[in-house]
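Read the structure below first, then the notes.
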Amino acid sequence: MQDRRTFISPFPRPRCLAAAAPAGKAKLTHPGKAILAGGLAGGIEICITFPTEYVKTQLQLDEKANPPKYRGIGDCVKQTVQNHGVKGLYRGLSSLLYGSIPKSAVRFGVFEFLSNRAKDESGRLDSTKGLLCGLGAGVLEAVLVVCPMETVKVKFIHDQTSAKPKYKGFFHGVREIVREQGLRGTYQGLTATVLKQGSNQAIRFFVMTSLKNWYKGDNPNKAINPLVTGAFGAIAGAASVFGNTPLDVIKTRMQGLEAHKYKSTLDCAAKILRHEGVAAFYKGTVPRLGRVCLDVAIVFIIYEEVVKVLNMVWKTD
């Protein structure tokens, strides 16, 4: 009689790739680490890129209704250096520096707080949820930090074009603005700022999340080279520039020294369109593109690297 005993191989049966075990759950970033890393990244970035922000703001304030003062980016830089020296390109830096640290801290802290609750069981954040988390982070940073910071910065830069500049420094400028216009004087263009920052971060985090998910594939813990992070950040920054420069122009006009000419955000948009045409909504796009791509790339590189260091010295698991 034939022996029908089952033969048990000493070797494990090969598994189908599709049924392979997941690479593991992605590690979550503690919001506290995000706040520290984001603040440091924001402070370093603004010191590097501020001259391009200065030029962008000057070009956006240079209305076609009046004789244009600047013929372009190069002419703006040339006139500024001739009249105020190289340090003129850094006028208003203090207001952005004081604001960039808490701005980035709020942005990344809120994003990580929201995304930690939006990720799936494997720790993966899909692109749509990345967009919504970015939107939430952008709106909150706009209200708490960006609007008053940007208002002071724009007034400083605009003040320099006056025959007799009246702001002697950051704290003097803030004191004068509050004395003349009250606290609401630092919240000019709030609606435009919320729209701009909300869409800004929604676009950036959507693109960044999409690119990271594509790069990591099925391994949520796959390490990303800093240069790759920078390239992804530059792409995300460029997408946000083309997506919301019109809102940035409106915000800048609403925060300038001539803001009293506009009754509301919609009135500002209507007057720009009527008197200057559609092209005016894209003033400063080139210098903003250069600054933002560099800005976002630097911020994400520094942020990711600082988080890695914090993970080694600050255990939160």
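In segment 190-316, the portion of solvent-accessible area held by carbon and sulfur atoms comes to 69 percent [1.4 Å probe, whole percent, DNA, RNA and ligands not counted]. Using a Gaussian network model of the chain whose springs link C-alpha atoms within less than 10 Å, name the residue from Asn213, Asn83, Asn225 with the highest mean-square fluctuation. Checking each option, the largest mean-square fluctuation is seen for Asn83.
Relative intensity of the chain on a log10 scale, I(q)/I(0) at q = 0.10, 0.15 Å⁻¹, equals -0.60, -1.19, per a Debye sum over C-alpha point scatterers of equal strength in the absence of solvent.
Averaged per residue, segment 190-316 has 44 square angstrom of accessible surface, using a 1.4 angstrom probe with ligands and nucleic acids left out.
Magnitude of the charge dipole for segment 190-316, about its Cα centre and with charges confined to Cβ atoms of Lys, Arg (+1) and Asp, Glu (-1), is about 180 debye.
With N as its number of residues, segment 190-316 has a Cα radius of gyration that, divided by 2.2 N^0.38 Å, comes to 1.31. Pairs from the list Lys87/Lys283; Lys33/Lys251; Lys69/Lys263; Lys196/Lys263 with a Cα-Cα gap above 21 Å: Lys87/Lys283; Lys33/Lys251; Lys69/Lys263. Placing +1 on the Cβ of every Lys and Arg and -1 on the Cβ of every Asp and Glu, with no other charges, gives the chain a dipole of roughly 60 debye about its Cα centre. Across segment 145-157, computed HN-Hα scalar couplings (Karplus, 6.51 cos²θ - 1.76 cosθ + 1.60, θ = phi - 60°) run 10, 5, 4, x, 5, 5, 4, 5, 4, 5, 5, 4, 5 Hz from first to last residue, x flagging Gly and Pro.
Between helix 93-118 and the chain there is an angle of about 30 degrees, using the helix long axis and the longest principal axis of the Cα atoms. Taking one equal scatterer on every alpha-carbon of segment 123-274, how large is log10 of I(q)/I(0) by Debye at q = 0.10, 0.15, 0.19 1/Å? The calculated log intensity ratios at q = 0.10, 0.15, 0.19 Å⁻¹ are -0.46, -0.83, -1.09. Could you tell me which of Tyr215, Leu289, Leu227 has its Cα farthest along the dipole of segment 190-316 towards the positive end, charges placed at Cβ (Lys, Arg +1; Asp, Glu -1), taken about the Cα centre? Value computed over the given set: Leu289.
With both labels modelled 7 Å from their Cα along Cα-to-Cβ, the Arg175 to Ser264 distance reads 3.7 nm. Using a Gaussian network model of the chain in which every pair of alpha carbons under 10 angstrom is joined by a spring, one finds that among Val106, Val307, Val178 the greatest mean-square fluctuation is at Val178. Each residue of segment 296-309 was assigned a 3J(HN,Hα) from its phi angle through the Karplus curve 6.51 cos²θ - 1.76 cosθ + 1.60 (θ = phi - 60°); the sequence is 5, 4, 5, 4, 5, 5, 4, 4, 4, 6, 5, 4, 4, 5 Hz, with glycine and proline shown as x. Please report, to two decimal places, log10 I(q)/I(0) for segment 229-299 at q = 0.14, 0.16, 0.20, 0.26 Å⁻¹ as given by the Debye formula with identical point scatterers on the Cα atoms and no solvent. Debye output, listed in q order: -0.49, -0.60, -0.79, -1.05. Placing unit charges on the Cβ atoms of the charged side chains and taking the dipole of segment 29-153 about its Cα centre, the candidate lying farthest along the positive direction among Gly92, Thr128, Gly32 is Gly92. Taking all C-alpha pairs of segment 66-119, those more than 12 Å from each other amount to 74 percent. Report summary: the helix-based calculation at 222 nm, which adds -39500 (n - 2.57) for every DSSP H run with n ≥ 4 and divides by the residues of the chain, gives -22500 deg cm²/dmol. For segment 169-316, the relative contact order comes to 30 percent (Cα pairs under 8 Å, sequence separation of at least 6).
The values are calculated or read from the model by the stated rules, or taken from the named source; none is laboratory data. Remember, it's a predicted structure, so these values are computed and weren't measured experimentally. A quick note on method: Cβ atoms are made from the backbone with ideal geometry, for glycine too, and the neighbour counts reach across all protein chains shown. Ligands, DNA and RNA are stripped out before the accessible areas are found, and what is left, the full protein with its side chains, is counted by its heavy atoms. Shrake-Rupley method; radii C 1.70, N 1.55, O 1.52, S 1.80 Å.
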